[in-house]
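This report refers to the structure that appears directly beneath it.
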Amino acid sequence: MNLFLAFAALVAGFVLLVKGADFFVDGAVGIAARFGIPQLVIGLTIAAMGTSMPEAAVSITSAIKGSAGITVGNVVGSNIMNILVILGLTAVITPIAVQRSTRRFEIPGMIAVSILFLVFGYTGGEIVLFEGIIMWLVFIGYLGYLFWIAKNNKDEESGEEDKKWSLPVQLIAIVGGIAAIVLGSDLAVDGATAIAKAFGMSDRIIGLTIVAFGTSLPELVTSVTAARRGKADIAIGNIVGSNIFNILFVAGTTALITPVVFEAKFVVDSIIAIMAAVILLVSVCNKDMKLKRPAGAIMLVCYGVYLAYLIAA
């Protein structure tokens, strides 16, 4: 890919990301309004799983091709970036309101499954079939919890403007939006990587920065778009749900296919992922129940320190 094509791919990727996020949020909010589904549930399910497609595809494909070790770095690295960079940047742009249930259940749940992932990986140096089955059972329980939320917390405050599209159009907007987000992410990563190589950046630095950030672009664009349009529950639910999905579904499914190698160096990364989740929990424990700009700035600084550690290690 020459430099001109690389820039073209980068621009096209960002256009697809932005427009895809717009359509996706419109469709998801419309579905939530039409059926009285809480926006938080949409964020924790459709948004989370849709924007985690790149991570799932990379991990499961790698396992099938005999490179399951990629899974741990993909899952842990993505989860750290989702919290410290994506939520941090979103909060700096606009403070994010957080529901009481998110603070009391979803975020602690994310911390719990992160600890489970570390324990499974640390004991034996790999995540095996039996542990993958346990992850899947926990994932099914998590889906059951989301179903319970949807059933017992109908959203009665959705405006008519959220129901302006017909149901088929809303479904097309969701599917098309996700497709545009994933394709846009691929184009942006390919273009940015080609540009970086043209300017002499090493593969390792590219992997730790551009590619890592690029695979989280769907989460970033969806979260920022949702938060700026006043749909904060989708923004926070997107990240929390994505992280839970990455561990239980992505790593769990990979372990069902083949043992997932958990190298010793990933212990530190996994601990940092847990600490990032704890920072998020502490940051939203305030009387306003918001992730505010100062907390977002602190998260970005924390990621800068972590990135410096990776480069120096």
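The values are calculated or read from the model by the stated rules, or taken from the named source; none is laboratory data. Computed from a predicted structure; not experimentally measured. Every residue, glycine as well, gets a Cβ built from its backbone with ideal geometry; the counts of neighbours run over all protein chains shown. Note: areas computed on protein heavy atoms with side chains; ligands, DNA, RNA excluded. Shrake-Rupley method; radii C 1.70, N 1.55, O 1.52, S 1.80 Å.
Numbers at a glance
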| item | result |
| --- | --- |
| Tally of residues being under 17 Å from the mean Cα position of the chain (by Cα) and among the hydrophobic types (A, V, I, L, M, F, W, C) across region 18-41 | 7 |
| Criterion: in contact with a Gly (Cβ under 8 Å, 6 or more places away or on another chain) and within 18 Å of Met110 (Cβ to Cβ) - qualifying residue of Leu17, Leu44, Leu10 | Leu44 |
| Cβ pairs under 7 Å, 6+ apart, first in region 96-122 and more than 26 Å from Gly132 (Cα to Cα) and touching a residue at least 24 places away in the same chain (Cβ under 8 Å), second open to solvent by 60 Å² or more (accessible area, probe 1.4 Å) and not in a helix (DSSP H, G or I) | Ile96/Lys290; Ala97/Lys290; Val98/Lys290; Arg103/Cys285 |
| Thr222 vs. criteria at pLDDT below 80, surrounded by fewer than 24 Cβ atoms within 10 Å (Cβ to Cβ) and polar (S, T, N, Q) | no |
| Region 68-99: number of residues that are of a type in the set (A, V, I, L, M) and not in a helix (DSSP H, G or I) | 4 |
| Complete set of residues in region 91-123 that are open to solvent by 60 Å² or more (accessible area, probe 1.4 Å) and closer than 25 Å to Val268 by Cβ | Ile115, Val119, Tyr122, Thr123 |
